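Report on one structure; see the data block that follows.
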């Protein structure tokens, strides 16, 4: 079709003439609403980016002297996060003289890892960072 005729048809319908394949012989054009096309294209890009994300890193904060029931409550949240596909950073924060006994924090983190072993795996084992000990859990591949 002649370019002038295609432009006339596009103006008649209040649409745009868009060149789709400029390298083809002859070049391919479409009559469409360009603003709507750009909007839908950006919407598709946003959706694909959201699907590409491998899961956010959620955080759970504990103390070395955290009670058993409180640990179970936090583990329920960790399990929920892992089932949603997120990684979980479990942090044990030390206050004042608690830092002299890091074995208490290791015991708490080992207990948490044991409680979630069916759903998640320890991606990064417990490590001291300043006044905190952290461990990262990731969901198991089969879940």
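Brief remarks follow.
One line per residue, one yes/no per condition, for (1) closer than 23 Å to residue 131 by Cα; (2) touching a helix residue (DSSP H, G or I) at 6+ places or on another chain (Cβ under 8 Å); (3) assigned by TED's automatic domain parsing to the domain that holds residue 133:
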| position | (1), (2), (3) |
| --- | --- |
| 16 | no, yes, no |
| 34 | no, no, no |
| 46 | no, no, no |
| 71 | yes, yes, yes |
| 81 | no, no, yes |
| 92 | yes, yes, yes |
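- Cβ pairs under 6 Å, 6+ apart, first in region 1-21 and without any contact (Cβ under 8 Å) to a residue 12 or more places away in the chain, second surrounded by 12 or more Cβ atoms within 10 Å (Cβ to Cβ): 7/17; 19/29; 20/28; 20/30; 21/28
- The number of residues in region 35-48 that are in contact with a strand residue (DSSP E or B) (Cβ under 9 Å, 6 or more places away or on another chain) and at pLDDT 90 or above comes to 1.
- Hits in region 96-143 (condition: assigned to a strand (DSSP E or B), touching a residue at least 24 places away in the same chain (Cβ under 8 Å) and more than 23 Å from the chain's Cα centre (by Cα)): 128, 132, 133
- Which listed residue, of 105, 127, 138, is exposed (fewer than 12 other Cβ atoms within 10 Å of the Cβ), modelled with pLDDT of 90 or more, touching a strand residue (DSSP E or B) at 6+ places or on another chain (Cβ under 8 Å) and on the phi < 0 side of the Ramachandran plot: 127
- Take the conditions (1) within 18 Å of residue 123 (Cα to Cα); (2) out of contact with any helix residue (DSSP H, G or I) (no Cβ under 9 Å at 6 or more places or on another chain); (3) modelled with pLDDT of 90 or more; residue 87 misses just one of them, which is (2).
The values are calculated or read from the model by the stated rules, or taken from the named source; none is laboratory data. The model shown is predicted, which means the values in this text are computed figures rather than measured ones. So basically every Cβ, Gly included, is an ideal-geometry build from the backbone, and we count neighbours across all protein chains shown.
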